[in-house]
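Heads up, the thing below is written out as structure tokens.
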Amino acid sequence: MVNFYDTHAHLYALKTKHPDLYEALVKPSSDAAPEGGASPENPFPSFIIDVGTDPGDLLPRWEAFAADPQVYLSAGIWPGEQAIRTWSQQVEHLKQDIDRVLYSPGSVGTHQEFPKPRLIAIGECGLDRHWNRDPQIWKQEHQLFEAQLYLAREYNVPVIVHSRDAARETAEILRSVPGVRGVIHCFSYGKEELSSFLDLGFFVSFAGNLTYKKRGPLQEALAACPLNRLLLETDSPYLAPHPYRGKACHPGMIHATYEEAALIHGMATEELAAQIRNNIQTLFGVDLSSPAGEPLR
């Protein structure tokens, strides 16, 4: 049996937007298993990062997964227009929530069933030129991104970077804030852009769109990515891999992305999964040497 690892999922969004699917995933029965769900051959990931996108989402997510030892969290602000226009207040709110779960007496983070540190990254944060086409907000978008890079440096954790149609700008901003480490999530560029992010010391993560037909440049980029800098993700509930494309994505589908990535690199899926585990331990500083966590409750 292969242990899979999902380094970027919006598990709380899956739970709230697709509750029936979520319940079928966490409480599987012989007559209600969801398509692409976990099986003995393709188990549910033993490590999942539930990724933040809004400063108000950290506390409810922290409580929702308090008893799930395989679910870790990040905290960040996705570059939506409203967040961009009020970036300073948004970042202050985020910092207050982070400090509350980390440092407050009787913190919600001190759940007796989960003694390990659970907040392991800042993000997702970054730049999006697909949606944010108005040049008037670009300066504030940069400021929102930069502020979160400084937070990652302050808390000494990696940053999870969202970059869409903005590779050059993203690399320039990362270069301007030294001492920050992290991952470019849901990589959507080619080999040239891959090289620029690798030169900055970043890891690169590929999602289910790697498995789609006519994704030649993306598959070429994965083939060029050094194995010791590679991560894989679902980005669930988005980007379900083939053959589940068009359905709500969930972490149980990640086996398809691992299988495609292993095929491209000419190696066994088990071997690739072991390498991804090592990369997670290197970047996020978590110990995955212990047995896989219990199923989600």
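The values are calculated or read from the model by the stated rules, or taken from the named source; none is laboratory data. Just so it is clear, the structure is predicted and the values come from calculations on it, not from any experiment. With ideal geometry, Cβ positions are generated from the backbone for all residues, glycine too; neighbour counts draw on all protein chains shown. For accessibility, only protein heavy atoms count, side chains too; no ligands or nucleic acids. Shrake-Rupley method; radii C 1.70, N 1.55, O 1.52, S 1.80 Å.
Which members of the range 77-106 meet the condition of being outside any helix (DSSP H, G or I) and basic (Lys, Arg)? Result: no residue meets the conditions.
When residues in the range 197-225 are screened for being closer than 15 Å to Cys249 by Cβ and over 19 Å from the mean Cα position of the chain (by Cα), 1 of them pass. Pairs meeting the criteria (first residue in the range 155-173 and touching a residue at least 12 places away in the same chain (Cβ under 8 Å) and closer than 25 Å to Arg100 by Cα, second residue crowded, with 22+ Cβ neighbours inside 10 Å and among the polar types (S, T, N, Q), beta carbons under 7 Å, at least 6 apart or on different chains) are Val159/Gln148; Ile160/Ser74; Val161/Thr170. Within the range 126-162, being open to solvent by 10 Å² or more (accessible area, probe 1.4 Å) and of a type in the set (Gly, Ala, Ser) holds for one residue alone: Ala147. Each residue in the range 8-57 was checked for being more than 19 Å from Tyr244 (Cα to Cα), open to solvent by less than 60 Å² (accessible area, probe 1.4 Å) and at pLDDT 90 or above, and 11 pass. Condition check: at pLDDT 95 or above and in contact with a His (Cβ under 7 Å, 6 or more places away or on another chain). Does Arg168 satisfy that? So Arg168 does not fit the description; no. Listed by first and then second residue, the pairs linking a residue in the range 270-291 that is free of Cβ contacts under 8 Å to residues at least 40 places away in the same chain and part of a helix (DSSP H, G or I) to a residue that is hydrophobic (A, V, I, L, M, F, W, C) and open to solvent by 20 Å² or more (accessible area, probe 1.4 Å), with Cβ atoms under 8 Å apart and 6 or more places separating them unless they lie on different chains, are Gln281/Leu288.
Of all residues in the range 174-185, those that are open to solvent by 30 Å² or more (accessible area, probe 1.4 Å), farther than 21 Å from Arg129 by Cα and touching a residue at least 24 places away in the same chain (Cβ under 8 Å) total 2. Residue selection: Pro243 fails the criterion of being within 25 Å of Glu172 (Cα to Cα) and open to solvent by 50 Å² or more (accessible area, probe 1.4 Å). Here is the figure for the range 84-119: residues that are modelled with pLDDT of 95 or more and over 20 Å from the mean Cα position of the chain (by Cα) total 10. The helices (runs of 4 or more DSSP H) found entirely in the range 132-249 that carry 3 or more residues being under 30 Å from Glu260 (Cα atoms) are 167-176, 191-199, 216-224.
What do you reckon, is Leu227 open to solvent by 10 Å² or more (accessible area, probe 1.4 Å), touching a Cys at 6+ places or on another chain (Cβ under 7 Å) and either closer than 28 Å to Pro19 by Cα or touching a residue at least 12 places away in the same chain (Cβ under 8 Å) (or both)? No; evaluated as a whole, the condition is false for this residue.
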